[in-house]
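Every read-out reported here was derived from the displayed coordinates using simple, explicitly stated rules and does not represent laboratory data. As the structure is a computational prediction, the values presented were derived from the model and not from experiment.
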């Protein structure tokens with residue numbers, strides 16, 4: 001199903017960057033992972049936000065701080081829109 005495939009793509013994107021330093025391919029894979037379950041701009045799931053944070057981390061590692069910061073601010077906004085957060089480490093990971 002799409003949720004399981006999303007987890008696989010998420011980790012594949014992280015590995016693509018960490019092992020091969022291919023930021024473009026990593027961001028493409030991570031974006032595809034989000035697209036599997038993200039159908040509306042209004043509500044983001046916790047996992048989609050986690051994948052988005054991974055994209056921000058790739059930009060940060062590539063020293064593209066403007067894009068990284070933009071993504072982190074978006075993720076913060078999406079987190080605040082959630083009525084309930086199951087994974088309370090998300091906010092800590094965002095700020096770290």
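Summary of computed values
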quantity: Normalised contact order of the chain, rounded percent, pairs of Cα under 8 Å and 6 or more residues apart; calculated: 23
quantity: Inverse mean reciprocal Cα-Cα distance (Kirkwood Rh) of the chain, Å; calculated: 13.4
quantity: Length released on extending from residue 93 to residue 64, taking residue separation times 0.36 nm less the Cα-Cα span; calculated: 8.6 nm
quantity: Gap separating the Cα centres of the stretch 61-96 and the stretch 1-28, nearest whole Å; calculated: 18
